[in-house]
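Note sheet for the following structure.
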Amino acid sequence: MDNISHSYLDIRGLKLHISEIGTGPGVVFLHGFPEIWYSWRHQMIAVANAGFRAIAPDFRGYGLSEKPIEPEKTTFKDLVDDLLVMLDILHIPKVILIGKDFGARVAYHFGLVHPERVVAIATLGVPFVVLTPETFPGNLPKGFYVLRFREPGRAEQDFARFDVKTVIKKIYIMFTASDLQVASEDQEILDLVDESAPLPAWFTPDDLQTYADLYDKSGFQTALQVPYRAWLEDYGVDELIVRAPSLLIMGEKDYALKFGGFEHYIRSGMAKNNVPNLETTFVPDGTHFVQEQFPDEINKILIKFLSKHA
């Protein structure tokens, strides 16, 4: 960890934070929620030791990166445009992207609009999907956390009842479960987790404090906008085919497999309709935070993929 350097780049009017280690072909790690650059700490060091330049930014409004003036107007396109400028500043003409959770959407979005800049894409926890008002939310229960977080103001009021550290703890515990997180009509999402519930064994109190410190700085405004309130944003291209070599890593116990038929979509091969060069790996006992839960196993899978396509 001490060898990971930190810097700020002036990108589209904001100072955005990046962490970096190693030299060689560029690999950019894109975090999800409630994550930040730190969620890739295990992978960055392993990838750097394998001969790559590992870079993990904090998206605008997350972690150590500056917040936009109007976070409620942030879009996935903003994150894609930020990534393009970052690569130019860092003199990385072609990149391998690794995205987790909604970071997967950013990786695939970038691959669609800037295919000439992408060597390969690996994603964890989320396949490439096309969501439309006709297909989303589909048959998801009304109290599902994604739908609750989409309601302007509701999650803000839910989160405001607790300090930031407790919010992160509850979300981490909740997202580690293998079932969908559904609240009853008279219940808020964070009430699904008791404050006395223990942290996952692989997530230490120091890890929790690191996340809490950074979300205490950034708040949750941008995080609730992107991904949750921007999910239905258009990709901005006519052909929704990602042709770069791609890898999807899913934990067998990731709740996301129960999200709108994801498991059938992945296991049946339907995910290859939009990503024809996709290979999929399932990790037994893996949860939504599989890269933190089983870092050694994930590192081996990723380094094999990187070495094949770099």
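General observations
- Flag for Phe52 being crowded, with 24+ Cβ neighbours inside 10 Å and either of a type outside the set (Lys, Arg) or under 17 Å from the mean Cα position of the chain (by Cα) (or both): no
- Of all residues in segment 177-186, none are of a type in the set (A, V, I, L, M) and either free of Cβ contacts under 8 Å to residues at least 40 places away in the same chain or closer than 24 Å to Lys73 by Cβ (or both).
- Search result, residues across segment 131-166 that are of a type in the set (S, T, N, Q) and closer than 12 Å to Leu190 by Cβ: Gln157, Thr166
- Residue check, Phe136 under 23 Å from Tyr108 (Cβ atoms), within 22 Å of the chain's Cα centre (by Cα) and modelled with pLDDT of 95 or more: no
- Residue in segment 140-196 that is nearest to Lys258 (Cα to Cα), counting only those that are of a type in the set (Ser, Thr, Tyr) and surrounded by fewer than 13 Cβ atoms within 10 Å (Cβ to Cβ): Ser184
- Residue count for segment 87-110, restricted to those that are assigned to a helix (DSSP H, G or I) and open to solvent by 10 Å² or more (accessible area, probe 1.4 Å): 3.
- Applying the set (1) open to solvent by less than 10 Å² (accessible area, probe 1.4 Å); (2) in contact with a Lys or Arg (Cβ under 9 Å, 6 or more places away or on another chain); (3) assigned to a helix (DSSP H, G or I) to Glu116 leaves exactly one unmet item: (1).
- Taken together, the criteria exclude Asp285 from residues that are assigned to a loop (DSSP other than H, G, I, E, B), closer than 28 Å to Pro133 by Cα and open to solvent by 80 Å² or more (accessible area, probe 1.4 Å).
- Tally, over segment 17-34, of residues that are open to solvent by 10 Å² or more (accessible area, probe 1.4 Å) and within 17 Å of the chain's Cα centre (by Cα): 0
- Any hit, segment 237-251, residues being open to solvent by 30 Å² or more (accessible area, probe 1.4 Å), more than 22 Å from Pro115 (Cβ to Cβ) and at pLDDT 95 or above: no
The values are calculated or read from the model by the stated rules, or taken from the named source; none is laboratory data. Because the structure is a prediction, the values reported are computed rather than measured. Here Cβ is always computed from backbone atoms with ideal geometry, including for glycine, and neighbour counts include all displayed protein chains. Accessible surface is based on the protein model in full, side chains and every heavy atom, while ligands, DNA and RNA are left aside. Shrake-Rupley method; radii C 1.70, N 1.55, O 1.52, S 1.80 Å.
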